[in-house]
Ligand SMILES: Nc1ncnc2c1ncn2[C@@H]1O[C@H](COP(=O)(O)OP(=O)(O)OP(=O)(O)O)[C@@H](O)[C@H]1O
Ligand SMILES: *[C@@H]1O[C@H](CO)[C@@H](O)[C@H](O)[C@H]1NC(C)=O
Ligand SMILES: *[C@@H]1O[C@H](CO)[C@@H](O)[C@H](O)[C@H]1NC(C)=O
């Protein structure tokens, strides 16, 4: 993609191949058991969020790293099939594409091993190489599935060019650099992350409101706290009264990736409909996340623009 081409959203983050085995129960150490089904899936919070925004029609750029291997090839093909630029998804021969080996047993439990491989080699200089594209974007989205220094570096670079930044503090980490709170325009956490970051308990809406205030006190401009079926909370520095955005009750089939659908949609609204009030953007992102939990899979459960009602746009 030429650097002058208009882009909407850049995600600097992870892409991970999910390798999912289904069996009656989990194997014990040293044991081999027969499974009933195997599937691969495209995952990783960065890629998931980027796909969600692309499915809604945003022009998206992914900055990431995969191995020079079959999984890397198929991930790159997957990006291209969704119209995303892969110019800054480098393939390295130094490490394998990141994988998550997942076993799901009939009681619904999963055991997961993640090998981050090539993702560990995504560096600040890789981000710098994409600078001419990054500065043409409206929104940057980052998470914590890559080296946190690289995420922080990317958001600082975005800020320098006036690109809005959305930071999703997932997966939960206790020692994040305090600069994360101030560098982003929107700080988005779920209840587990908010508990770890604030040291507070976040088990109810009331506790959630206190956690949102605690995150504002850390210097955040806008804080969003997602609470699964309880919807989400948000507040801003200028308007610190915490607002609750409830969800419409739906029949949930598979909630994996709800948070990613929410973040990707939110980035879409902020990039493409910047005049929309934040409350309205959050309501619409929640509606899209609510649709995603009604079908199985992660990226495959994200609705496309054609499947959504016009009043969301
Ligand atoms: N069962 C549900 N029904 C309707 N909407 C839901 C449901 N679960 C989640 N959502 C929507 O998705 C948003 C994000 O969900 P959640 O807080 O579970 O994120 P998360 O913990 O990051 O999820 P995950 O890790 O499973 O991707 C919620 O704020 C809500 O708007
Ligand atoms: C990240 O940056 C901090 C301080 O800027 C440094 O101490 C730390 O070693 C860095 N971590 C990595 C993995 O490079
Ligand atoms: C919140 O996200 C973390 C990843 O950061 C995940 O492990 C956890 O299950 C999520 N919490 C809830 C309550 O969904």
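The values are calculated or read from the model by the stated rules, or taken from the named source; none is laboratory data. For clarity, every value in this text was computed on a predicted model and none was experimentally measured. Please note: Cβ atoms are built from the backbone with ideal geometry, for glycine as well, and neighbour counts cover all protein chains shown.
So here's what we get for this one:
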item	result
Residue 21 being surrounded by fewer than 23 Cβ atoms within 10 Å (Cβ to Cβ) and in a strand (DSSP E or B)	yes
For residue 108: the one exception among (1) within 16 Å of ligand 1 (Cβ to nearest atom); (2) in a strand (DSSP E or B); (3) at pLDDT below 95	(2)
Unmet requirement for residue 203, which otherwise passes all of (1) within 18 Å of residue 44 (Cα to Cα); (2) modelled with pLDDT of 95 or more; (3) not in a helix (DSSP H, G or I)	(1)
Residue 270, sole failed condition from (1) buried (at least 20 other Cβ atoms within 10 Å of the Cβ); (2) within 15 Å of ligand 1 (Cβ to nearest atom)	(2)
Segment 249-292: number of residues that are out of contact with any strand residue (DSSP E or B) (no Cβ under 9 Å at 6 or more places or on another chain), at pLDDT 95 or above and assigned to a loop (DSSP other than H, G, I, E, B)	4
Residue 119 in contact with a strand residue (DSSP E or B) (Cβ under 7 Å, 6 or more places away or on another chain), touching a residue at least 60 places away in the same chain (Cβ under 8 Å), part of a helix (DSSP H, G or I) and buried (at least 17 other Cβ atoms within 10 Å of the Cβ)	yes
When residues of segment 132-179 are limited to those that are under 15 Å from the mean Cα position of the chain (by Cα) and part of a strand (DSSP E or B), the one farthest from ligand 3 (Cβ to nearest atom)	139
Residues being at pLDDT 95 or above and away from ligand 1 (no atom under 16 Å from the Cβ) - total across segment 162-175	4
So residue 46, is it at pLDDT 95 or above and either in a strand (DSSP E or B) or farther than 22 Å from residue 153 by Cα (or both)	no
Where a residue in segment 146-157 is closer than 12 Å to residue 183 by Cβ and its partner, wherever it lies, is outside any helix (DSSP H, G or I) and at pLDDT below 95, with Cβ under 8 Å and at least six apart	148/173
Hits in segment 218-238 (condition: within 19 Å of residue 173 (Cα to Cα) and away from ligand 3 (no atom under 14 Å from the Cβ))	218, 219, 220, 223
Hits in segment 293-313 - residues which are farther than 30 Å from residue 38 by Cβ and in a helix (DSSP H, G or I)	305, 306, 310, 311, 312
Residue tally, condition under 26 Å from residue 236 (Cβ atoms) and out of contact with any helix residue (DSSP H, G or I) (no Cβ under 9 Å at 6 or more places or on another chain), over segment 273-306	5
Residue selected from segment 278-294 under the condition over 19 Å from residue 165 (Cβ atoms) and more than 16 Å from ligand 3 (Cβ to nearest atom), by the criterion surrounded by the most Cβ atoms within 10 Å (Cβ to Cβ)	288
Residue match in segment 150-161 (condition: in contact with a helix residue (DSSP H, G or I) (Cβ under 9 Å, 6 or more places away or on another chain), within 16 Å of ligand 1 (Cβ to nearest atom) and within 30 Å of residue 214 (Cα to Cα))	no
Residues of segment 165-180 that turn out to be over 18 Å from residue 259 (Cβ atoms) and in contact with a helix residue (DSSP H, G or I) (Cβ under 7 Å, 6 or more places away or on another chain), as a count	3
Residue in segment 180-195 that is surrounded by fewer than 19 Cβ atoms within 10 Å (Cβ to Cβ), assigned to a loop (DSSP other than H, G, I, E, B) and more than 15 Å from ligand 1 (Cβ to nearest atom) present	no
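Results for (1) within 16 Å of ligand 3 (Cβ to nearest atom); (2) in a loop (DSSP other than H, G, I, E, B); (3) out of contact with any strand residue (DSSP E or B) (no Cβ under 8 Å at 6 or more places or on another chain); (4) under 26 Å from residue 274 (Cβ atoms), shown as yes or no for each residue.
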residue: 50; (1), (2), (3), (4): no, no, no, yes
residue: 58; (1), (2), (3), (4): no, yes, no, yes
residue: 61; (1), (2), (3), (4): no, no, no, yes
residue: 80; (1), (2), (3), (4): no, no, yes, no
residue: 96; (1), (2), (3), (4): no, yes, no, no
residue: 114; (1), (2), (3), (4): yes, no, no, no
